[in-house]
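Take a look at the structure below.
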Amino acid sequence: MSRIGKNPVVIPAGVTVEVANNVINVKGKLGQLSQEYSDVTVKVEDGQVTVERSSDLKDQRAKHGLYRSLINNMIIGVSEGFTKELELVGVGYRASNQGQKLDLALGFSHNIVLELAPEVKLETISEKGKNPIVKLTSYDKQLLGQIAAKIRGFRKPEPYKGKGVKFVGEELRRKAGKSA
């Protein structure tokens, strides 16, 4: 069985990683992230971060891979960043933004206005003949996923026509409608 936690995380140029008092701080050109950890030891040496556990208890084995993945996502985030795109499928579904305010028309009696965190950059793309796209970019993968899931939760894609808010590239399970 492969162990994700055993693999070291390579630190790219322009990124600094500091470990002190069970807190990992990662700084890069896009921003700064920090993460608390427990039950494992984190070492920074020779341009790599290694995560080690002291025993084979189930809790420690689980946290070993978890913290390695979290550190890897933090390093990728502050150096390259993450992007999620949501597509609005449906007649009359529109998206627009003014700064950090996202305005969605999803077929309800009122528009949904969502104020986004300053760490997330927002862009809406509306082309004639194509579905509107909401593009979210951030260096914090957890926050980005949370906001994207919240937007998708306003109107999840339904299985018959596929109308709703879906991720770009997401494969939907479609059902056959009534057969006459």
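Since every read-out is calculated from the coordinates, none of them should be taken as a lab result. Keep in mind that this is a model prediction, so the values were computed, not measured. Please note: Cβ atoms are built from the backbone with ideal geometry, for glycine as well, and neighbour counts cover all protein chains shown.
Structure data summary
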| quantity | calculated |
| --- | --- |
| Where labels lie 7 Å past Cα in the beta-carbon direction, separation of Phe154 and Glu45 in nm | 5.1 |
| Sites excluded, trypsin sites (Lys or Arg not before Pro) in DSSP loops with at most 14 other C-beta within 10 Å, longest stretch of the chain | 30-127 |
| Loop-located chymotrypsin sites (Phe, Trp or Tyr not before Pro) in segment 60-136 whose Cβ has at most 10 other Cβ within 10 Å (DSSP) | Phe108 |
| 0 to 90° range, to nearest 10: angle between helix 58-79 axis and the chain longest Cα axis | 70 |
| Two-site label geometry, His110 and Glu80: point separation in nm, points 7 Å out along Cα→Cβ | 4.1 |
| Total charge dipole magnitude, the chain, about the Cα centre, Cβ charges on Lys, Arg, Asp, Glu only, Debye to nearest 20 | 1060 |
| Helix-only [θ]222 nm of the chain, DSSP H runs n ≥ 4, -39500 (n - 2.57) each, per residue, nearest 500 | -7000 deg cm²/dmol |
| Overall form of segment 98-180 per C-alpha gyration tensor (a/c, 1.5; a/b vs b/c) | prolate |
| Using alpha-carbon coordinates, inclination of helix 141-154 to the longest axis of the chain, degrees | 20 |
| Dipole of the chain, positive direction: furthest Cα of Val9, Val42, Ala148, with charges on the beta-carbon | Ala148 |
